[in-house]
Amino acid sequence: PAHPPGYPLFVALAQVSMWLLSGLGTGKAYRVNVLCSLLTACGVYHLHRAVRMLTGSAPAALAAAGMYGLSPLIWNNAVQAEVFALNNLFVC
């Protein structure tokens, strides 16, 4: 089976996050999960900015970003160490 685009970049970012977030003092898996959460948060932020720029409406942008970020699929991608969070960032 094929993997999502960005897999080598995700591995490199995971290595960097394991090094940068070593001050958390927890396991490496936790640090990669934090990376995925940050990537998803960046994706939601960029979606908010794009909708705000296209519509000029802050409430519409907030609604779109909220529905996207809190949807079960995106939330699941944010809390597990998988490449899908990076893929979602690229799509947004």
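The values are calculated or read from the model by the stated rules, or taken from the named source; none is laboratory data. Fair warning: this is a prediction, and the values are worked out from it, not measured in the lab. All Cβ positions, glycine included, derive from the backbone under ideal geometry; neighbour counts span all protein chains shown. Surface accessibility is based on the protein's heavy atoms, side chains included, excluding ligands, DNA and RNA. Shrake-Rupley method; radii C 1.70, N 1.55, O 1.52, S 1.80 Å.
Counting only alpha carbon atoms, the long axis of helix 28-55 and the longest principal axis of the chain meet at about 20°.
Rolling a 1.4 angstrom probe over the protein heavy atoms with all chains in place gives the chain an accessible area of 64 Å² per residue.
With the simple model of a label 7 Å out from the Cα in the direction of the Cβ, residue 49 to residue 15 spans 2.8 nm. Note on residue 90 and residue 71: the extension gain reaches 5.1 nm, defined as 0.36 nm multiplied by sequence separation minus the Cα-Cα distance.
The slack between residue 41 and residue 26, meaning 0.36 nm per residue of separation minus the straight C-alpha distance, is 3.3 nm. Helix content alone sets the calculated 222 nm mean residue ellipticity of the chain: runs of n ≥ 4 DSSP H residues at -39500 (n - 2.57) each, divided across all residues, give -24000 deg cm²/dmol. Using the Cβ of residue 60 as centre and a radius below 15 Å, the other residues enclosed give a net charge of +2, where K and R count +1 and D and E count -1.
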